[in-house]
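Student: Let me begin by handing over the structure; questions about it come next.
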Amino acid sequence: MELHEALFAVGALIVMAKLLEGIFKRIGLNAIFAYPVAGVILGPATGLVHTGPSIDLVLSIGIFMFFFLIGLEELDIAGFVAAIRGRIFFTAVLAVTLSMLASLAVTTDIFIDLGLDLSLTQALGLAGVLSLSSLGVVAKALVDEGRLREPVGVQIFTAVIIVELIALFVVGFAISEHFTSKTGGIDAMSVLLIIGEIIAFAVVTWFVASKIVPRALGFLQRLLRVPQFAFGTLVGGLFLVVVIAEQVGLHGSLGALLFGAALSFLPYQMRRDIMPGMRGTAEGFFVPLFFASAGLYFSLDFIKLPVETILALAFVPLLGKVGASFLSAYVTRIRAPFATAVGLTAKGVAEIALLLVMLHSEAIGKDIFSLLVVVMLAYIMLTPLGIGFALRRVARWTDAESPEHLPPSFERFVLDEVRVSDLLDPYRVHPEASQTVKDFAEDWLLQDQHDYVVEDHGKLAGIVSVSMLRYLPRVEWDTTPLSQMLRHETPKALSNDYLEDALQRMTENSLSVLPVVDAGTGAFMGSISSHEILEMLLLSARGE
């Protein structure tokens with residue numbers, strides 16, 4: 001019966017979470033709000049779903065998948081290393097340090113005793129969560145304001161990378177088994193041991209995942225030709241890494257985070273092969289289920305907490321983070337200090353995930369967990385508005401000044417929200433389907449171009465690839481119309497498609513060009529090429 005209850009719980013949570021996600025999107029709310037609400041409705045509100053060992057196992061897998069995706073898509077260790085000698089690095093380090101000190105004032109009983117009864121390491125872990133900044137939220141806000149590709153956007157982006165990485169590793173340090181399994185005290189040998197293990201684990205994971213795994217996967221894929229081989233192998237590898245991390249005393253979520261970060265340097269084609277399946281599995285199943293569990297554990301008991309506890313946990317870390325960010329930005333004299341400071345206050349979904357981890361490890365109770373989830377949801381809703389307001393106060397930089405080092409993960413965000421129509425040249429001419437293959441070869445073939453969009457009196461005829469011409473004898477080039485050499489199926493891009501989606505469609509179909517049709521009428525409008533997209537990316541990265 002327990003299995004049936006677990007299956008019912010999982011099925012009900014996923015269906016409710018995805019239905020609410022669609023409803024919330026229609027009214028302009030982030031999907032992250034839908035998932036906990038689904039858990040609250042099915043859990044505390046109606047009592048239809050209860051937590052138990054079976055569902056907790058699935059939720060644990062969701063935790064690891066979520067942190068793996070953060071490492072793969074958001075965490076930028078290379079960008080962190082590249083920025084170490086820059087002024088932005090000192091701004092971010094000072095900001096996160098002062099912010100943690102402010103948070104420690106309420107998570108410990110040294111200055112303000114709120115009766116939380118946390119050990120020093122638990123208090124440090126909670127302070128790290130409260131000091132975290134969200135790269136995903138900041139990038140989205142910069143894109144919405146059209147400032148991501150400007151020097152001020154790169155500056156804020158880089159600063160948040162540094163704060164996010166430092167805070168995540170502080171939390172990982174604090175929730176390690178060496179401390180959570182003991183009294184929570186810190187001694188010099190324990191600190192050195194856990195730091196050494198984190199560094200050793202990170203180095204080994206990084207080397208294996210970035211140097212050995214890509215070559216091994218490529219070789220085995222060619223040898224075995226198994227569908228979804230890379231995807232299945234990496235998912236299995238993720239769980240093995242989690243087990244190894246737990247065995248050496250690290251939390252599994254930290255192992256998943258490091259594994260994802262190391263795999264962010266996979267070859268582009270391999271990333272494109274695995275990401276649809278990885279993202280679909282995570283976003284369609286594990287992540288909604290994982291965050292819906294926040295609603296299952298949600299309790300209104302937090303309103304019974306002393307008023308001073310509620311106010312202190314809600315506002316002292318907030319004011320400390322804002323104050324620390326402003327002070328750091330002005331002390332280090334970076335440009336646009338106000339906008340950079342506001343950007344550093346951004347919060348995202350990782351904080352809720354870490355609070356769940358701390359709840360499961362019994363570092364915090366349901367009352368503190370529920371209070372801080374409400375606080376984080378308020379952050380998620382309000383900080384993008386604050387970032388937008390701050391950016392609108394910053395004048396466009398007239399010089400070419402920008403951070404010396406461009407974060408590698410910046411490229412993954414540059415194409416966000418850019419539409420196909422932004423790149424389309426409506427006046428470009430294309431070869432006609434009626435002309436012969438010989439005429440086409442003489443008039444149109446270029447050395448570095450392999451695919452060509454073909455039109456028929458202003459209408460889309462299809463795509464011809466140079467590789468197809470090899471199968472036509474040369475003696476027939478004079479008499480064969482180009483229309484007979486077209487691909488059987490023609491992938492297209494709509495004018496309002498995101499440019500990143502168009503680029504992915506090219507990759508999936510092994511094409512370097514894509515015809516563009518009007519989103520409303522379906523009329524042929526022109527074509528875009530992967531070369532143009534990459535050129536736009538490079539110009540954007542330089543701030544041009």
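The values are calculated or read from the model by the stated rules, or taken from the named source; none is laboratory data. On a predicted model such as this, the values are computed, not experimentally measured, just so you know. Don't worry about glycine lacking a Cβ; one is built from the backbone with ideal geometry, like all the others, and counts go over all protein chains shown. These area figures cover heavy atoms from the full protein model, side chains too; ligands, DNA and RNA do not enter into them. Shrake-Rupley method; radii C 1.70, N 1.55, O 1.52, S 1.80 Å.
Student: Taking N as the number of residues in region 296-339, what is its alpha-carbon radius of gyration divided by 2.2 N^0.38 Å?
Tutor: 1.75
Student: Shifting gears a bit: What's the extension gain from V226 to F111 if we count 0.36 nm per residue and subtract their Cα-Cα distance?
Tutor: 35.4 nm
Student: Would you mind getting the Kirkwood hydrodynamic radius of region 419-490 from its Cα pairs, rounded to one decimal in Å?
Tutor: Values: mean 1/r = 0.0777 Å⁻¹.
Radius from the Kirkwood sum: 12.9 Å.
Student: Express as a percent, rounded to the nearest 5, the fraction of DSSP beta bridges in the chain (both residues included) that run antiparallel.
Tutor: 80 percent
Student: Turning to a different aspect of this structure: Under 18 Å between alpha carbons: how many lysine pairs meet that in the chain, if sequence neighbours fewer than 8 apart on the same chain are excluded?
Tutor: On the way: K25/K140; K140/K347; K304/K366; K321/K347; K459/K492.
Going through the chain pair by pair, I get 5.
Student: Something else: Based on the alpha-carbon gyration tensor of the chain, what equivalent-ellipsoid semi-axes (square roots of 5 times the eigenvalues) come out, in whole Å, largest first?
Tutor: On the way: eigenvalues 430, 146, 107 Å².
They are 46, 27, 23 Å, listed largest first.
Student: Rg over Rh of region 3-145, using C-alpha atoms and the Kirkwood radius, what does it come to?
Tutor: When Rh is taken as the Kirkwood radius, the ratio is 1.05.
Student: Still on this structure, please answer the following. Expressed as a whole number of Å, what is the distance separating the alpha-carbon centroids of region 279-349 and region 12-46?
Tutor: First find each Cα centre; the distance between them is then 20 Å.
Student: Next question. Pick out, in residue order, every one of the GluC sites (Glu not before Pro) in region 259-366 that is DSSP loop and has at most 13 other C-beta atoms within 10 Å; say none if there are none.
Tutor: When the GluC sites (Glu not before Pro) of region 259-366 are filtered for loop state and at most 13 Cβ neighbours within 10 Å, E362 remain.
Student: Mind pulling up the Rg/Rh value for region 272-321? Radius of gyration and Kirkwood radius, both on Cα.
Tutor: Answer for region 272-321: 1.28.
Student: Let me cross-check L224: its accessible surface, 1.4 Å probe, with only protein heavy atoms counted, in Å² to the nearest 10?
Tutor: Surface open to solvent at L224 totals about 90 Å².
Student: On average over all directions, what projected area in square nanometres does region 96-154 have, based on the convex hull of its Cα atoms?
Tutor: Mean projected area for region 96-154: 5.1 nm², to one decimal.
Student: Right, another one. Specify the angular offset, from 0 to 90 degrees and rounded to the nearest 10, of the alpha carbon long axis of helix 268-281 from the longest principal axis of the alpha carbons in the chain.
Tutor: Rounded to the nearest ten degrees, it is 60.
Student: While we're looking at this one, here's another question. Distance in nm between label sites at K211 and S54, each 7 Å beyond Cα in the beta-carbon direction?
Tutor: 4.6 nm
Student: How high is the FRET efficiency between N496 and H360 when r is their beta carbon distance and R₀ equals 41 Å, given to the nearest 0.05? Can you show the working numbers first?
Tutor: Numbers: r = 43 Å, r/R0 = 1.04.
The pair N496/H360 has a calculated efficiency of 0.45.
Student: On full extension of the chain, what length is gained from M381 through T281, given 0.36 nm per residue of separation minus the C-alpha to C-alpha distance?
Tutor: Gain in length upon complete extension: 33.4 nm.
Student: Could I ask something else about it? How large is log10 I(q)/I(0) at q = 0.13, 0.21 Å⁻¹ when the Debye formula is applied to the Cα atoms of region 261-387, each weighted equally and without solvent?
Tutor: -0.75, -1.15
Student: Multiplying the sequence separation of S510 and K25 by 0.36 nm and subtracting their Cα-Cα distance, what value in nm do you get?
Tutor: Net length gain for the segment: 171.3 nm.
Student: Another question, if that's okay. So how compact is region 1-76: Cα radius of gyration and Dmax in angstrom?
Tutor: 14.1, 45
Student: Which value, in Å² and to the nearest 10, is the accessible area of H450 when all protein chains are kept and the probe is 1.4 Å?
Tutor: Number for this one is 110 Å².
Student: According to a simple spin-label model (label point 7 Å from Cα along Cα-to-Cβ), what is the distance in nm between S467 and E532?
Tutor: Output for this residue pair reads 2.3 nm.
Student: Something else about it: How far is it, in nm, from the label point at A200 to the one at L3 when both lie 7 Å from their Cα along the line to the Cβ?
Tutor: Spacing of the two 7 Å Cα→Cβ label points: 4.1 nm.
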